[in-house]
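Notes follow the structure.
The values are calculated or read from the model by the stated rules, or taken from the named source; none is laboratory data. Source: prediction; values computed, not measured. Cβ coordinates were reconstructed from backbone atoms using ideal geometry, including for glycine residues, and neighbour counts include every protein chain displayed. Protein only, heavy atoms only, side chains kept; ligands, DNA and RNA dropped before computing areas. Shrake-Rupley method; radii C 1.70, N 1.55, O 1.52, S 1.80 Å.
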Amino acid sequence: MALALTATAFGSTSFGSTPSGSAAFGSTPSGSAAFGSAALGSAHRGGFAAAVTFYVDATGGNDANAGTSSAAPWKSLAKVNATTFHAGDQILLKAGQVWSGQLWPKGSGATGSPIVLGAYGSGARPRIDGASRVTSTVKLHNQQYWEIRGLEITNIAPATGTPGANLKDLRGIHIDGDNGQTLNHLYVDGVYVHDVSGQVNWIGGDTTGNAPGVTFQTGWDRSKKTGGIVFDTTVPDIAAPGTAPTILNDLLVQNSTISDTSFAGIVVKQYSGDAPGATATGWGNRSSASDPAFHPHTNVVIRNNYISQANTAYGCNGVYLTDVRGGVVTGNTIYQAGTSGIEAYFADSVTIQHNEIYQTSKKAGGADYNGIDPDKATTNMLVQYNFVHDNGDGILLCQFSFGSVTVRYNVLKSNTRYPIYLHSDKAATADIYNNTVYNDVSGYLTYGYGSSLSAKYTIRNNIYCSTKANAVLTTSSTITYGNNLYAGTLTIPSSDTTPKTGDPHFVNENVSGPYGTPTSGPQLATARAYALTPGSAAINTGLTISANGGLDYAGAPLYNGAPDIGALEYES
């Protein structure tokens, strides 16, 4: 079987260069020398009508230069920040150079002709260090049709003697708006964002847990908006927000490494108006699936990134994807996040697929430590083809208020608390089928309690294989188990009237790697150790499920003969 790593309609999977290695940015773009030494004004570009390429060199440049050739580059970020760029322009920073401060070029591109902020020459990525003296190291505000490529970005505040006391309202890349319009085509590609000392503000919680850098009960608008790459919106006057929301459309983060940034690696968020003194808009909250006040961002793709929070105690989400309608999170590796590897919130029609998420742990007062979490008011969610291992919870279904989700063809291995955690409200539904759950560490397989058992869960065609005897499979009148394979000493739920038992005969249930790195990307092939071999009790014993996506975890067509149970369809 060939392992499928591509996201439908989004092209092939590829990965950026190593953060520590050198990145070649190709030859100098041609044509720029033709503009000679024409001078540009501080806030405009003189009489140029055609697209222009500008060069910036921190050591060999001079702001008195035209900046339009690599032989006569500008020097400072201030020169770039004082210039308004136009459709098709390129701003290229010299590889191997370092700047301190904020980079905020002005202007917008156009459809089919974005402005590109990137690099020229060969060597290490150009580095911009905010050094915590600016809230955002690279910034775009009320701008559209931009592509940011191939930069290294950091915004670290020096540690003090008190853990967390250095955390501030900081971001690496911040793309936002408040003009009441739709802002389109905002791309981030091949960047290395690291060491951003962002404060951790929680929506709710108990204020007795407040600590330096960590604050509870801050509400929606003042929470969870610091970290590596942040897309969000606001209003010029919170007391008089106007009637039109700012919507971000066509967002892309790909082929990038984001490491040791707090609160999160990547954030997408909409304004709602719940801060003290604000007039509520409801744009970023969702009271029902058809809430007319809800105005999400649209067409969001997060793919082929490596996100690690291994060296920060304050990295609480790998990807925090909220207020989105129409999104794909695919091909990412997320390592040692806190709270959640990939969390969706107030979102609709988001697919989470082909990701490897592992070793998520509790950090900075967070209550959870899961791989994937379709959270509050998330509808039409699809979670498929992911390798989720060695976290606390594997997949947390935390659809408070309401929600709908399909969880299929995932491999969940060695998650220490609840491999599948049922924690939704009554108006939520979940269809959970053809997953492979291998448990060698937890006393639970599927777990829920209290009012969370009022939601409707349908659980079919899954392999539950546990080397821990009597691992719990929570039951209730709202949980329907059907035709699952139970391997090990387990109490079979009474609602499963067609249970299967026996040995799944995996290729290698004790597999221990390789796992994803910045250079390898997600090691989804490792989970093929949970493919079936001859004699498996899962072969040809599954239910036929319609609208099943047509492929198994490894990209093999469904079905090969009669349906199988679990994430990997048997092929001889």
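Details
- Spin-label proximity, ASP431 to the stretch 440-483 - amide N less than 16 Å from point 7 Å beyond Cα toward beta carbon: 456-462, 480-483
- Candidate lysines for bridging to LYS426, where Cα separation is under 23 Å - those fewer than 8 sequence places away on the same chain excluded: LYS376, LYS456
- In this rough spin-label picture, where each label sits 7 Å from Cα along the Cβ direction, the ASN540-ALA131 distance is 7.1 nm.
- Among the protein heavy atoms, those of THR160 account for about 80 Å² of accessible surface (1.4 Å probe, every chain in place).
- Annotation: per residue accessible area for the stretch 464-572 equals 42 Å², rounded to a whole number [probe 1.4 Å, protein chains only].
- P(r), alpha carbons of the chain - 10 Å bins starting at zero, rounded %: 4, 18, 27, 24, 16, 8, 3, 1, 0
- Of all DSSP bridge pairs formed entirely within the chain, close to 5 percent run antiparallel.
- In straight-distance terms, cross-link reach from LYS225 covers every one of the lysines whose alpha-carbon lies under 16 Å from its own, apart from those fewer than eight places away in the same chain; here that gives LYS139, LYS168, LYS269.
- Placing unit charges on the Cβ atoms of the charged side chains and taking the dipole of the stretch 271-412 about its Cα centre, the candidate lying farthest along the positive direction among SER272, ASN311, LEU397 is ASN311.
- Length available on full extension from SER454 to THR207: 0.36 nm per residue minus the Cα-Cα distance, which gives 86.0 nm.
- Computed on the Cα trace of the stretch 347-424, the radius of gyration divided by the Kirkwood hydrodynamic radius gives Rg/Rh = 0.95.
- Remark: the chain carries a charge dipole of roughly 660 debye about the Cα centre, counting +1 on each Lys and Arg Cβ and -1 on each Asp and Glu Cβ.
- The stretch 500-572 and the stretch 289-357: distance between their alpha carbon centers, rounded to Å: 25
- Candidate lysines - alpha carbon under 23 Å from LYS413, same-chain residues fewer than 8 apart omitted: LYS362, LYS363, LYS468, LYS500
- The simple spin-label model puts a point 7 Å past each Cα toward its Cβ; for THR243 and ASN179 those points are separated by 2.1 nm.
- Positive-pole candidate from TYR369, GLY341, PHE387, dipole of the stretch 339-389, charges at beta carbon: TYR369
- SER477/THR501 FRET efficiency (R0 25 Å; Cβ-Cβ; nearest 0.05): 0.55
- Sites ALA110 and HIS141, calculated FRET efficiency, Cβ-Cβ separation with R0 22 Å, nearest 0.05: 0.75
- Stretchable slack from THR517 to THR160, in nm (0.36 nm times residue separation minus alpha-carbon distance): 125.5 nm
- Separation of the SER122 and ASP169 label points, Cα + 7 Å toward Cβ, nm: 4.5
- Residue ranges 518-530, 447-459, 221-233, 353-365 sort as 221-233, 353-365, 518-530, 447-459 when ordered by packing (mean number of other C-beta atoms within 10 Å per residue, highest first).
- Spread of Cα-to-Cα distances over 5 Å intervals beginning at zero, given as percent, for the stretch 248-367: 3, 12, 21, 20, 18, 14, 9, 3, 0
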